[in-house]
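Below: one structure, written as structure tokens.
The values are calculated or read from the model by the stated rules, or taken from the named source; none is laboratory data. Just so it is clear, the model here is predicted, and its values are computed rather than measured. A quick note on method: Cβ atoms are made from the backbone with ideal geometry, for glycine too, and the neighbour counts reach across all protein chains shown. Surface areas here come from the heavy atoms of the whole protein model, side chains and all, with no ligands, DNA or RNA. Shrake-Rupley method; radii C 1.70, N 1.55, O 1.52, S 1.80 Å.
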Amino acid sequence: MKLKIIFHHAFLALLFIMGITFINSPALGEASLSITANNGTNRVLVMPGIPVHVVIELKPESYSGVNADWWLLAETQMGTFHYDIKHDGNWTPGQSVTYRGPLGNLPPYTVLNTTGLPAGTYNLSFGVDGEMNGMLDSNAYLDTVEITIPEYTCPDTTNTLDALSESQKAFIASRGNPDMFILGFISEELDESNRATYFENNDVRRIEYWIYNRDQLTIATFDSGHFIKETTVGDSIDDLQATQFSPSQLSTCMGQADIVKLLGEPSCIQKETLAGRSYDYLRYNPSVTQPASTVVLENGALITVLSGYSLDLDSSPADGNMCTD
Amino acid sequence: MSNFIILKNQRGALLLIFVVITALGGTIVAVLGPQLAPLAERVQRPTNQAILAAGDTSITQPTNEEIQEAKDLVVTVGQLGLATGGIINSIASVPSGGVKDLIGTGIATMTDHVQSDMVSRGSNPVPTTSNPLPPDVQAPVTCSSSSLSSCTSRSSCSNAGGDWNSNNTCSSSLVACDNDHLYLCVSNTCGGADGYWYDNACNENYILGAWNYTGVRPDGVERGGTMNFSSGNTFSYTIFDADGQSNGNGSGLWALTGETLSLSAGLAGIGTISGDQTSFTYDGHGTFRFTRPK
């Protein structure tokens, strides 16, 4: 979260609180501090089995050298913990100051990197306050990331159809794997107050579109495994290269390492940060041996897969490179 | 050599579906705005600290900046999709219309579904059942008395009125006498199954019933007697030693696992047996030959 100095009077009030006196109005700089989990800010959903990687960063800019209390705290269902630099950076029970000293540039620094945390909500806060007294003062600047690890039983996606519903198994038994599919995992919705919230019980909604290129081109829609409808969009397409992957191989518990293990190294990874979330687009260019695929990770977790959208044509040119833009 | 190209749709929006899905989550967050956790909320903030106030969770209305961020989000993600679409559009060899339009229509259909329904639990609750499947898709078979082969566990098989077989399959209890259903065999030949007739029933092992035995104790003294193995894993015995050491009778428990016979009394011990229902040798605490009484 960037701490933009927007209002001059607020800035002066801040300086007063921090005990700094300026005779002349200093140049208004921009200071920032942040805490991220899996490169995401604010709210981050981490599925079981996916590593939690928490990083802090501080750029004090014009406040550099100002004495301050540094805070790095975690609120959990097991109580409050603080990052204790006196003990090799362990997270220690209780709310205590992490460091007392002048502000300075802190490049991205990992304060937690673990897998297998119990399900629950973890609020990790990083911040500073200008009164170096070991107390969390009212003028503290805090950035917080809320990490939610849901109770979720990850399906077995190795040589089984466990990730699929009975209806989907029936499709595969009758028709085989789809020639092309789009799979998305959605974990949030807007509630009655138009506020974002996770699904009840932290469920994950699995939206799938299975495209079969048979006598006709059809699209079957599934919502959380339930068959919704099938739409015929036209005649079959010659030379549509069927994906060799199956939706049964994918679950929301997969991270980039799992995807690479399944699909191999991507042709490229395009990165984007949107609304405080990091998105990785793993592009798999089409080749003789496999059709195109795109895998989208949000804060390191699989949210979307699109596989099997390339044609096998004898004509040229054949620029199937998705990594140029 | 074949060349591979990406399908094109009308506006290069082939990937719009995941764009939308991606955008949904992102948009939601963007509209929500930054949140401070309860820990931060406990900090009493000066009212004139606009910076902190902007992050106050009590503020429910998104700021113009956040709204713009949400709009930018959609645009940006859309551009990512178009990046792929740009590749598609660059393929001159793909004829316009036809294939491209088909895919485009399909993607548009999917996009509509997601765009219109997925952002509000009120307008689009999670379904609880499937609609009827297409005619060519055979309905999923569930475990029931009429489809025992679909049962995948002992409990579901039993609940459906079936028998759980040793090869982890479920079948009707009306099956004929076979190795898995010895109790259904009614002839003293066990109906060809690998069983042993005793007490008017076909049994899995051959030791049931009455036996005479002779042999020697570990110390070389001759020992003989009778044994009667019952189906409840109990047995009765008599012992006659040449030196009279353990003469007497009693009862105990037996267990047979494979060729390992365990006896709790009499010839107490654990040993191996070999033979059949007419005679067998027990090599345990001593060696003894068992034969059926005349």
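Observations on the structure shown:
- Residue within the range A:259-276 that is open to solvent by less than 10 Å² (accessible area, probe 1.4 Å) and basic (Lys, Arg) present: no
- Where strands (runs of 3 or more DSSP E) fall entirely within the range A:54-96, those with at least 1 residues that are buried (at least 18 other Cβ atoms within 10 Å of the Cβ) and of a type outside the set (Phe, Trp, Tyr) are at A:67-76, A:79-84.
- Residue within the range B:236-248 that is open to solvent by less than 20 Å² (accessible area, probe 1.4 Å), among the charged types (D, E, K, R) and over 36 Å from the mean Cα position of the chain (by Cα) present: yes
- Checklist (1) open to solvent by 10 Å² or more (accessible area, probe 1.4 Å); (2) within 12 Å of chain B (Cβ to nearest Cβ); (3) of a type in the set (S, T, N, Q) applied to A:Gln244, failing item: (2)
- Any hit, the range A:226-234, residues being more than 8 Å from chain B (Cβ to nearest Cβ) and farther than 25 Å from A:Glu298 by Cβ: yes
- Selection within the range A:258-279 - in contact with a Pro (Cβ under 9 Å, 6 or more places away or on another chain) and either part of a strand (DSSP E or B) or modelled with pLDDT of 90 or more (or both): A:Ile259, A:Val260
- Entry remark, the range A:149-170: residues being open to solvent by less than 40 Å² (accessible area, probe 1.4 Å) and more than 16 Å from A:Gln244 (Cα to Cα) number 9 in total.
- Restricting attention to the range B:243-268, the residues being more than 18 Å from B:Ser230 (Cα to Cα) and not polar (S, T, N, Q) number 3.
- Residues that are surrounded by fewer than 23 Cβ atoms within 10 Å (Cβ to Cβ) and within 12 Å of chain B (Cβ to nearest Cβ), drawn from the range A:114-129: A:Thr121, A:Asn123, A:Asp129
One line per residue, one yes/no per condition, for (1) over 24 Å from the mean Cα position of the chain (by Cα); (2) β-branched (Val, Ile, Thr); (3) in a helix (DSSP H, G or I):
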site	(1), (2), (3)
A:Met135	yes, no, no
A:Thr160	yes, yes, no
A:Ala173	yes, no, yes
A:Tyr209	no, no, no
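- Qualifying residue in the range B:209-227 (condition: closer than 25 Å to B:Gly195 by Cα, open to solvent by 20 Å² or more (accessible area, probe 1.4 Å), touching a residue at least 12 places away in the same chain (Cβ under 8 Å) and outside any strand (DSSP E or B)): no
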